[in-house]
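Okay, so here's the structure we're looking at.
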Amino acid sequence: MEKEAEIYLLNLFKKIGLYKLSEKENREILKDKVSFILKKLQRKKFKRKITEKTKETLKRKILNAINENKPIYFVIPFGGYKHFWNSSYPDLDWAELFNMRFMTEYVLPILSVHQPGVIIEYMSEDLIINRMNNYPKESLEQYSKSFISLINWYKQYIPKNLQIKYFRVGNRCNKDKIIDEVEKLISKKTTEFNRLSNKEKENELHRSRRSVMLDGEKDLVQLSEEDKESRIIESRLIELAYYDVEAKPEFMGDYLWSDDHICVCFSFGLSSDNVFEDLTLASSHGSIVDFWIGKGILEYRNGRFIPKIVSKNQYIELESKIKKLKIGSFPFKNFGSIDLIIN
């Protein structure tokens, strides 16, 4: 099975075929290229949520790109770190590469009908992770370096009119000003939080309980349970404050929503935090787990391999069925093997 899995992975990333248009599709394109592209962006395999308002926004931005003969521009805001539960921490693993390949497949039809092509840009929000979730700064730097290396390797295999980019919000905006504004908002967010019922408070803290790194930049392990709870609450308040600050036009607000960029979300798009009606996609085949939170594995089902991204809980449930396969053809740390489940 190791040889078969390696051949599959090599073909998956190094032999990306172009999308072949059918005669019916060519007729559709001649009639209305914008509608054709919009339909392809709503394919069931990829889409998880799209509102009528989002459809209208997509239609307008696609039309602008066609009229101005420029690439259709997707921006993917993401955490910019690897969750500490993952054995690959602080480096990335197969999940990041699976997401890049999934997004490539998503836009292949566009590349065939729009010569200027597509830009997929990963936007790292790691500037707040040290303060919010206690991740060591050096772990964030390491992840950023590994992400850039992965893109540089992968882009040699993608179609010529597809660009994959990456930037860190802290390098494009005034990082100190953002953090300062976040700190000033915490008092307001605390007041709002204290007005919630106990059930509402617990709903707010659900993700933060999994996110704070106790043995990170600061040693939080020795804190009392009461102080740990306070730190978890603080993490959530910082997160909510950051969303408000980042969304300001002077920072990333115009970039994400007003500059013909199409903002793509994964699990965030299904959460109550997402009030912007972004385009919400799966993160990989059959998965909504964020790639920086999850772990990339292979599933073998009905005679074929399926790349998946699983959460910590999903991985624990599957652990007894996992077989670790050696993989020798990928030049990255954590890519010397892959976990396989057979269903």
* Structure fact -> Okay, strands (runs of 3 or more DSSP E) sitting entirely in the range 44-139 with 3 or more residues that are among the aliphatic types (A, V, I, L, M) and under 30 Å from Ile297 (Cβ atoms), I get 118-124
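Conditions (1) surrounded by fewer than 20 Cβ atoms within 10 Å (Cβ to Cβ); (2) farther than 30 Å from Val34 by Cβ; (3) free of Cβ contacts under 8 Å to residues at least 40 places away in the same chain; (4) among the hydroxyl-bearing types (Ser, Thr, Tyr), marked per residue:
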{"site": "Phe74", "(1), (2), (3), (4)": "no, no, no, no"}
{"site": "Leu108", "(1), (2), (3), (4)": "yes, no, no, no"}
{"site": "Val113", "(1), (2), (3), (4)": "yes, no, no, no"}
{"site": "Ile120", "(1), (2), (3), (4)": "no, no, no, no"}
{"site": "Tyr166", "(1), (2), (3), (4)": "yes, no, no, yes"}
{"site": "Asp180", "(1), (2), (3), (4)": "yes, yes, yes, no"}
* Within the range 199-213, can one find any residue that is at pLDDT 95 or above, assigned to a loop (DSSP other than H, G, I, E, B) and not charged (D, E, K, R)? -> yes
* Asked: From the list Lys70, Lys55, Lys31, which one is modelled with pLDDT under 95 and surrounded by fewer than 16 Cβ atoms within 10 Å (Cβ to Cβ)?
  -> Lys55
* To do: Just name the residue that is nearest to Ile178 (Cα to Cα) out of those in the range 215-262 that are in contact with a strand residue (DSSP E or B) (Cβ under 6 Å, 6 or more places away or on another chain) and buried (at least 18 other Cβ atoms within 10 Å of the Cβ).
  => Leu256
* To do: Scan the range 295-343 residue by residue and report those that are surrounded by 20 or more Cβ atoms within 10 Å (Cβ to Cβ) and touching a His at 6+ places or on another chain (Cβ under 8 Å).
  => Pro307, Lys308
* Asked: Within the range 11-24, is even one residue surrounded by 13 or more Cβ atoms within 10 Å (Cβ to Cβ) and under 16 Å from the mean Cα position of the chain (by Cα)?
  -> no
* Can you pull out the residues in the range 1-31 that are closer than 14 Å to Phe98 by Cα and assigned to a loop (DSSP other than H, G, I, E, B)? -> Ile16
* Filter the range 84-119 for residues that are among the aliphatic types (A, V, I, L, M) and in contact with a Ser or Thr (Cβ under 8 Å, 6 or more places away or on another chain); which is farthest from Lys15 (Cα to Cα)? -> Leu92
* Restricting attention to the range 140-156, and to residues there that are assigned to a helix (DSSP H, G or I) and either among the charged types (D, E, K, R) or within 15 Å of the chain's Cα centre (by Cα) (or both), which single residue is farthest from Glu25 (Cα to Cα)? -> Glu141
* To do: Give, as residue ranges, the strands (runs of 3 or more DSSP E) completely inside the range 232-343 that count at least 1 residues that are in contact (Cβ under 8 Å) with a residue 60 or more places away in the chain and basic (Lys, Arg).
  => 295-301, 304-310, 323-326
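The values are calculated or read from the model by the stated rules, or taken from the named source; none is laboratory data. These numbers come from a predicted model, not from an experiment. All Cβ positions, glycine included, derive from the backbone under ideal geometry; neighbour counts span all protein chains shown.
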